[in-house]
Number of protein chains: 2
Amino acid sequence: MGRYSGGLYSRQTLIVCLLVSFAISLSLGVIIGWFSHSSPSTSTLPDSFLRATSDGDPSISEKIITQIDPENIRTYLRYFTSTSHLAGDEQDRIQAEYVKKLWQDQGLDSVDLQSYDVLLSYPDVNSPNTVSLLDDKGTAVYTTDVQEKPLTDDQADADNIIPPFHAYSASGTPTGVLVYVNYGRVEDFNYLTRNKSMNLTNAIMLCRYGKVFRGEKIVNAQAHGAAGVIIFSDPSDYAMDGTEPENVYPNTWWLPPTGVQRGTLKLSSPPGDPLTPSYPATEHAYRVNPKDTDLPKIPSHPISYGGAYHFLKELSGESAPEDWQGGLNLTYNLGGEFIKPGWAVRMNVSTTNQRRKTYNVIGTIEGEVEPDRYVLVGNHRDAWVFGAVDPSSGTAAMLELTRVFGKLKKEGWKPRRSLVFCSWAAEEHGLIGSTEWVEDKLKSLVNRALVYLNVDIAVQGNFSIRALGTPTMYQSLFDAAKKVPNPNSTSVAEASTLYDQWVRCFPDNVTADPDDTQPEVAALGTGSDYRSFIYNGGVPSCDIRYTWDKFSTPLSSYPLYHSAYETFFLMDKLMDPTFEYHAAVTKMWGEMARNHADSILVPIDLSYYGTSLVDSVAKLQKDYKQLFIDSGVTFAASLDVLETEVKSFQKRIKQFMQEANEVDHTNTLAVRAVNDQLMLLERAFLDSYGLPGRPLDKHIIYGASSQDNYSGMAFPGLFDLLFEIDREPNPAERWDKVDKHLSVLVYTIHAATATLSSAI
Amino acid sequence: MGRYSGGLYSRQTLIVCLLVSFAISLSLGVIIGWFSHSSPSTSTLPDSFLRATSDGDPSISEKIITQIDPENIRTYLRYFTSTSHLAGDEQDRIQAEYVKKLWQDQGLDSVDLQSYDVLLSYPDVNSPNTVSLLDDKGTAVYTTDVQEKPLTDDQADADNIIPPFHAYSASGTPTGVLVYVNYGRVEDFNYLTRNKSMNLTNAIMLCRYGKVFRGEKIVNAQAHGAAGVIIFSDPSDYAMDGTEPENVYPNTWWLPPTGVQRGTLKLSSPPGDPLTPSYPATEHAYRVNPKDTDLPKIPSHPISYGGAYHFLKELSGESAPEDWQGGLNLTYNLGGEFIKPGWAVRMNVSTTNQRRKTYNVIGTIEGEVEPDRYVLVGNHRDAWVFGAVDPSSGTAAMLELTRVFGKLKKEGWKPRRSLVFCSWAAEEHGLIGSTEWVEDKLKSLVNRALVYLNVDIAVQGNFSIRALGTPTMYQSLFDAAKKVPNPNSTSVAEASTLYDQWVRCFPDNVTADPDDTQPEVAALGTGSDYRSFIYNGGVPSCDIRYTWDKFSTPLSSYPLYHSAYETFFLMDKLMDPTFEYHAAVTKMWGEMARNHADSILVPIDLSYYGTSLVDSVAKLQKDYKQLFIDSGVTFAASLDVLETEVKSFQKRIKQFMQEANEVDHTNTLAVRAVNDQLMLLERAFLDSYGLPGRPLDKHIIYGASSQDNYSGMAFPGLFDLLFEIDREPNPAERWDKVDKHLSVLVYTIHAATATLSSAI
């Protein structure tokens, strides 16, 4: 119906008009309402607020896992293993610059190449290190090879291969009688001097590698007046399938007769540059006199079992005990004399300590929300020779990881927290690059470092993931391993994820309920660059790799460790031809980094700390309770008090984790406060005096075992103090130290528990 | 016009209907638009987000200043001074419980009364400490009074007044010759033994109070073989207007002939409980053997000048040098003999060390936004006797402050950060309550404590505010002083605020432009409870009080310090009858607390740190540059390198403060990151080895002067090492320490600078 003339309108028209008006004005109102609401506050808040209150994008996890490419890892490994790359060498700088350039190209936000001026150690190639067997006229009837015989083309083509040597050995040319000292442990020397009444003064010691850190062997030999030390890799430890060519490299991963293990003699404490303990080796650093360090005072040299054979077969004296006999086809005699009178051994060691520059590369992807929180990802770059296993398998993995993170960043992703990638220098000489850096950055790290994720070797076998870490890392280790498919393994075919394989191969905490079983995570020792992060900085740390079956093949290291036979050939033809094991480790590593960098609530589940400490105290009680009773000691803080304290700790953690999981994600500062508590709990275990007798090891709950620096343990201070205390002639002083240390432990755990409340 | 029958409507009706419809639907739309926008996110965000992004309510500042009531302070002071309240006494617990109850009533969120079991020291009241002058038959011809003669009613009515004694004195009854040793300083003893060749072994030393900490006098005496020490307050230092009754208490604030200064002999390092250095004195703490502490090994006793007169007038020997002559009307002789042959001095000191419980009270108003950030406000409660000045003037002030904060809280105000009020125990014995607490809570404090605001004595004069503090505190000290009216002062009538009076009375940094002049803020020594906060925890700290004119009256303390004459009468009748000076200090203290607790950006202006360090290094250069040149030392880190480093520090601070002031207040995590940097900069100055020779003094930029523990200074380690180095017979070792310490200083300042970037 049309318009009614004379200014009058029908009801229908009215209704239509009203409806239209209603619709228009309602829409207008909605728009006004929307925008009037958003200004002025919403117009400024949404970006930072919405990002801060959102959890990480879960699809990133999937992207990391699918985009890690084994072929790239192979390519990176080929580059790093194409030449020897020892710390302080020209290649140290060249490869550092390569990493810097690559990270820039991959799209990291900033990349720094930074150097420290540190005391390293090298043999004089013009006066090569050798050991000779001399006849009664002083003529050498046998001299060890200067270099390991090339067994593959890549090795033959290389130059600059550093001859076998022991870093930080004293130089010298001692000549003398030879004594076979088995593994060179305290008990081995005790056997010779106490049971056999041998005088070792000025003798040269022939040791087997293994059981204890090589540096300890020199310490023990020095204490017994040795003139020098020779260490060889015995076939029983390094060529377990036999020494025939078909059973050793390049046909298998076992050590051939010409292979020699290089390595440092530097003790684990103080870590890092020997001249600048506790402080970074910068231009203006104070340097101690090298004479005031505890570097070796006598020459030491590593040799092959092929070489050792020539000395052992001429050695006379009483035959060594049954368990001192090794894998060479002869009787191991204790020596002190040769079969032919007047024969002797002469060492010619030219190794000297030298101040050199060495290079870390630090690359960062800046956090979008919390740039002042760091997720640190590290691997060392230096190798004794090619380092195909140690550490270049890890280096290649890290560069593939940064490629994927760089790509994600180019596609628009930004992590909540900063990712910091660290390519460390001079780890092999004694964790030098990472230690100097931690010392340099400590004042920022202690407040801001969330976790340190280390991969030294990525692949040293095909059996399972093996992890070391603090209990603060367990949950994220397990979570990441559950997300990554296991490489096609012939050993345990059914395992579909790294976790499945891991928990089957290395089960820990075995309970009646198999669902409660978790994979073993061993405590951190001082074997790689995590050492200063955890034991100086209190930064939760871990180290992962793919490893061999230690149950069927109980080795202290893979056989070609630190030899010139750690080649690309070894990895490409024998150990991981598809690079799928490399890729698997890289994926797990990347997922851990993403999880820590991107989750709104940091993925630290403290429950494992409670359980670990309760279990460790139970073990203490089991091992030592009776000893305490028998000794009649009455301490302010007994083992029972410690037990009560760790149980309170565990109880408080349970409450705290519940509160943490319920925190309101829109309350950014409440989330930050909880995250700080999760991050900083590990710091609470640092004590400014450190472990008894180890003042630079500040973490007093976990530390390296004094018996074996490579492995870690809970309550190392207590175990040290209680070790053979019942054999101590005057134990009161030692018990007094136990009293004091127990009290510090109780205080520390109590104070750590208190940090889980926001109130003081 | 009305409705048109037959379903037709006029244009006017239509327009009205349309307008009404438009209005209604527009409004509806606005409402829908508003709410559709705000859900789901806004419905959860506003409270925490809006609060977190708002600055503190400025009206609170005004409320604090207007509501602080001098009459209440008088009432609190009367309570605390109504009885002697020495640490470890029954009154210690009773007054702690009073504070606890009061704080609960005042409305604090939580109040804890917590005790530590510490080694304190008391005389045996059944065998009172005395010093006697013996004639040649061994008969006492004079014996000092056990107690100070009551001079006012409040004193006369009190019981439990601890007789004058020196805490931690050894007990004993030495008898021997008396030697006058002036102030008992190193140079005083050197004069006697070197210039005068006196043998001091087994003699009793008579010292004047003043110039150095009394504990140092005992150390020096002990080193010279003294059998005991007697310390008296000389009129020249404590009764400068004369000793006649009208010139001394109770007619003036000067010390009467019967007044005695009590005090501890405990050295400042290690601070706190002598038996538990570095750790809290809890039930399970390890305690060192008292024999292994450095507490005094000889008896010591304080006496009045009225008493000292009796000994000095009988003393013969050579007369003391001009500047050793004191204010008594006689010639001060060096002694070693008496006028009458065979006379001697006998001390009878029954003081023993005793384990006692002592009580801190900790009251908290929880922060609404950042409960894990603490603004700490503290004062000690224990006094030698009534403590009307030291510390009860401060205690009364703190309780009035908590009353006002409690009232504000009841009215709905909540601070952004937590306010923590601390009533410390056993400060007088050696900062014991605060030190044990800091050691106990250190692991939380280092990450969370924003500032520590100390008032020990609130009022010790009517001249001006006097402040001690780290440069991190300067801005908030000045800002608060500018907000508080100055009490009606007769000395400088024009001053309208505390700041105006302060800058006029104690100008610092005097420049050509008077507007650039700022009030003096001296460095913190170890004279009160801030010591462990700043020098163990690295928590920015300050101490304020109203003081006398030190220029016209150069005293080392107010005259009645630590005597039984520190009564309510003294304060109420002589020192602050209106309590306006108390109120003024309370207002300034409260405004500082509010400012730190409530400002969105913490009120720390780091610029003062840059300036202070640049000035301090300029002073080092001025004092020592030539010495370095003359000594021919070549260090990795020279004074020039230090100078370059502090200039970089200053430059970086300038940039950082600009960035900090421009940070987007709606980005809560960006604000928190900046606040963390502001809070934690002071921590960066802690070094785990501490100052050279003072391992527990971790702050290596500021510290107590070794010459006088009460006062503080920049670069105390360098000054210690360089002190009289040119007189050292074999200076190489000392220069080596200078080399090392300079290098640590350069490293530390460099690392502190680096914390001002969020990147690593």
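Each value in this text was obtained by applying a stated rule to the coordinates, not by laboratory testing. Since we're looking at a predicted model, the values are computed, not measured. Don't worry about glycine lacking a Cβ; one is built from the backbone with ideal geometry, like all the others, and counts go over all protein chains shown.
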| message | Can you report the principal axis dimensions of chain B using only the alpha carbons, biggest first, rounded to whole angstrom? | response | 140, 68, 56
| query | Out of residues 5 or more away from B:Val377 or on other chains, whose amide H comes under 5 Å of its own, with H placed 1.01 Å from N in the peptide plane? | reply | B:Val420, B:Phe421, B:Cys422, B:Leu453
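Please report the net charge: other residues with Cβ closer than 12 Å to the Cβ of B:Val674, K and R +1, D and E -1.
Numbers: positive: B:Arg672; negative: A:Asp372, B:Glu659, B:Glu662, B:Asp664, B:Asp676.
Counting the neighbours of B:Val674, the net charge comes to -4.
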| request: Treat each spin label as a single point 7 Å out from the Cα along the C-beta direction, and report the B:Glu244 to B:Glu283 distance in nm. | output: 6.3
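By the scheme Lys and Arg +1, Asp and Glu -1, what is the net charge of all other residues having a beta-carbon under 10 Å from that of A:Ala397?
Working: positive: A:Arg545, A:Lys587; negative: A:Glu400.
Counting the neighbours of A:Ala397, the net charge comes to +1.
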| remark: Restricted to the protein assembly as shown, the DSSP antiparallel beta bridge percent, nearest 5, is 60
| DSSP beta bridge pairing in segment B:89-242, given as percent antiparallel to the nearest 5 | 25
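Taking segment B:336-414, how much of its Cα-Cα pair set, in percent, is spaced more than 19 angstrom apart? Write out the running numbers ahead of the final one.
Numbers: 1961 of 3081 pairs.
Here the long-distance tail beyond 19 Å is 64 percent of all Cα pairs in segment B:336-414.
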| query | What list do you get for A:Ile362, B:Ile73 if you sort them by fewest beta carbons within 10 Å? | reply | A:Ile362, B:Ile73
| said: Quick check on segment A:687-735: take the gyration tensor over C-alpha atoms, sort the square-rooted eigenvalues as a ≥ b ≥ c, and tell me if it's rounded (a/c under 1.5), prolate or oblate. | reply: oblate
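Can you show me the helix-derived [θ] at 222 nm for chain A, built from DSSP H runs with n ≥ 4 at -39,500 (n - 2.57) apiece and divided by the number of residues, rounded to the nearest 500. Provide the component values of the computation, followed by the final result.
On the way: 22 runs with 278 residues, N = 760.
Value at 222 nm, helices only: -11500 deg cm²/dmol.
List the pairs from A:Lys101/A:Lys409; B:Lys409/B:Lys483; A:Lys622/A:Lys647; B:Lys100/B:Lys483 whose alpha-carbon separation is above 19 Å, in the order I gave them. Write out the running numbers ahead of the final one.
Working: A:Lys101/A:Lys409 17 Å; B:Lys409/B:Lys483 22 Å; A:Lys622/A:Lys647 16 Å; B:Lys100/B:Lys483 30 Å.
Long pairs (Cα-Cα over 19 Å): B:Lys409/B:Lys483; B:Lys100/B:Lys483.
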| note | Once the dipole of the protein assembly as shown is set up from charges on Cβ (+1 Lys and Arg, -1 Asp and Glu), the residue from the list A:Leu151, A:Ser528, B:Ala397 lying farthest towards its positive end is B:Ala397
| message | Taking A:Val141 in one copy and the same position in all the others, each labelled 7 Å out along Cα→Cβ, what are the pairwise distances from the first, in nm, shortest first? | response | 9.9
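How large is the convex hull of the C-alpha atoms of segment A:701-760 per residue, in Å³?
Details: hull volume 4.8 nm³, N = 60.
It comes to 79 Å³ per residue, whole-number rounded.
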| field | Separation of alpha-carbon centers, segment A:393-409 and segment B:740-760, rounded to whole Å | value | 31
| task | Compute the separation of the alpha-carbon centres of segment B:364-380 and segment B:307-333 and state it in Å as a whole number. | result | 54
| note | Gyration tensor on Cα atoms of the protein assembly as shown, a ≥ b ≥ c root eigenvalues, a/c under 1.5 rounded, else prolate if a/b beats b/c, else oblate, says oblate
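Rounded, prolate or oblate, given the Cα gyration tensor of segment A:510-622, with a/c below 1.5 counting as rounded?
Details: a/c = 1.74, a/b = 1.44, b/c = 1.21.
Taking the square roots of the gyration eigenvalues as a ≥ b ≥ c, segment A:510-622 is prolate.
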| task | Please work out how much length the chain gains when fully extended from B:Ser316 to B:Ser496, using 0.36 nm per residue of separation minus the C-alpha to C-alpha distance, in nm with one decimal. | result | 59.2 nm
| message | Projecting each Cα onto the charge dipole of chain A (Lys/Arg +1, Asp/Glu -1 at the beta carbon, about the Cα centre), which of A:Ser304, A:Phe656, A:Trp548 comes out farthest on the positive side? | response | A:Phe656
| query | Between B:Ile94 and B:Lys340, what is the FRET efficiency for a Förster distance of 56 Å, r being their Cβ-Cβ separation, to the nearest 0.05? | reply | 0.65
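Report the net charge of residues surrounding A:Leu376, where surrounding means a beta-carbon distance below 11 angstrom and charges are Lys +1, Arg +1, Asp -1, Glu -1. Working shown, then result.
On the way: positive: A:Arg373, A:Arg417, A:Lys441, A:Arg448; negative: A:Asp529.
In short, +3.
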| task | Put a label point 7 Å from Cα along the Cβ direction on A:Glu246, then list its distances to the equivalent points in the other copies in nm, shortest first. | result | 12.3
| B:Gly412 label points, 7 Å along Cα→Cβ, one per copy: pairwise distances from this copy to the rest in nm, shortest first? | 4.5
| request: Give me the percent of Cα-Cα pairs in segment B:627-713 that sit more than 16 Å apart, rounded to a whole number. | output: 71
| Nearest 10 degrees, 0 to 90: what angle lies between the long axis of helix A:392-410 and the longest principal axis of chain A (Cα atoms)? | 10
| Using Cα atoms only, what is the angle between the long axis of helix B:668-680 and the major principal axis of chain B, expressed in degrees (0 to 90) to the nearest 10? | 10
| task | Could you tell me the distance between the Cα centroids of segment A:561-635 and segment B:588-665, to the nearest Å? | result | 43
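Take the Cβ-Cβ distance between B:Thr352 and B:Glu724 as r, set R0 to 51 Å, and report the resulting FRET efficiency rounded to the nearest 0.05. Before the final figure, lay out each step's value.
Details: r = 38 Å, r/R0 = 0.75.
The value I calculate is 0.85.
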| Pairing the Cα long axis of helix A:639-661 with the longest principal axis of chain A, what angle in degrees results, from 0 to 90 and rounded to the nearest 10? | 30
| query | Counting other C-beta atoms within 10 Å, which of A:Glu368, A:Glu659, A:Glu71, B:Glu724 has the fewest, and how do the rest follow? | reply | B:Glu724, A:Glu71, A:Glu659, A:Glu368
| Estimated dipole of the protein assembly as shown in Debye, rounded to 20 [Cβ of Lys and Arg +1, of Asp and Glu -1, Cα centre] | 1880
| remark: Toy charge model, Lys and Arg Cβ at +1, Asp and Glu Cβ at -1: segment A:148-259 dipole around Cα centroid in debye, rounded to 20, equals 880
| Estimated FRET transfer efficiency when R0 is 22 angstrom, pair B:Lys297-B:Thr173 (beta carbons, to 0.05) | 0.90
| query | By counting other Cβ atoms within 10 Å of each Cβ, how are A:His380, B:His665 ranked from fewest to most? | reply | B:His665, A:His380
| query | Per 5 Å bin from zero, what fraction in whole % of the C-alpha pairs of segment A:601-760 is there, up to the bin with the longest pair? | reply | 1, 8, 17, 20, 18, 14, 9, 6, 4, 2, 1, 0, 0
